[in-house]
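The numbers here are math on the coordinates, done by the rules we state, and not lab data. The shown structure was predicted, so the numbers you read here are calculated from the model rather than taken from an experiment.
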Amino acid sequence: MSGMLRDKVAVITGGSSGIGLATAHRFAREGARVFVTGRDLARLEAAVGELGPAATGVRCDVSVLADLDALYARVREEAGRIDVLVANAGVVADAVRGDHTEENVDLTLAVNVKGPLFTVQKALPLLAQDASVVVVGSSNSARPNAELEIYSASKAALSNLVHNWARRSGERRFRVNVLSPGPTRTPALLRVAGEDADRFAEAVVPLGGWPTPRRSPRPPFSWLPALRRSSPEPNSSPTAATPGPERHRPTGSGRAPGHDGGGGRRYHR
């Protein structure tokens, strides 16, 4: 490894599994001191055990502002600053049209919109000069999945937030980017899609990418009824989506760690 993050301090929400945990592993290998969060204490402790002495776990529900305050108080006390912030925590708690409940809508918007908003806002006093903020969205923000309409809407709102932050990030001397992956084989996707997960991911994003100019085939949705039966995992982000990443041009100077300036590098677990 290059050690490009040596002596840097990184905070990753939803870092106990999936994309967040894979990101934490890479950051730790690059030399960063990593703070990871998750709601499930057992999974969080297991993740910290995997990551080793460079990692600190802090139980945190990003939709609860008091939890975010406690997280940043710990970061301030133990590290004093944040060089890289990855707002990764997210949830899929959708239902098919006609079956939405107030509970599933409130949960989705609280974790996927309110959570990242206050994750970034409350981190501002701790951001070092030229810090990097990476917000993990979904390709659903540009290509909404009709079967995941609330999730897709929440990721579109998140993308819009990042565009607004980017306009003013230069004043505070930090970079902000949105990373919008397509389907990624995370534990959350496996819990939702079950035996159809591999077939679903391969159908949506085949190895080598889509041939052009042919259109992408419609992905199978045989696993979607499981969304209503399975309990949501608010600190993991399966990003079940239609094909291909949304592309955003990076803002500010340089590139964010873990971000390639385009569709974004995918971390697979």
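Values for this structure:
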| item | result |
| --- | --- |
| Alpha carbon Rg of the range 1-63, scaled by the compact-globule rule 2.2 N^0.38 Å | 1.01 |
| Span per principal axis, largest first, for the Cα atoms of the range 1-109 (Å) | 51, 28, 24 |
| From phi via Karplus (6.51, -1.76, 1.60), per-residue ³J(HN,Hα) for the range 9-19 in Hz, x at Gly/Pro | 10, 10, 10, 10, 7, x, x, 8, 6, x, 4 |
| Theoretical gain in end-to-end length, M4 to E171 [0.36 nm per residue, Cα-Cα removed] | 57.6 nm |
| Set of lysines with alpha-carbon distance to K114 below 19 Å, sequence-local pairs under 8 removed | K122, K155 |
| Whole-angstrom gap from the range 97-129 to the range 60-85, using each part's C-alpha centre | 15 Å |
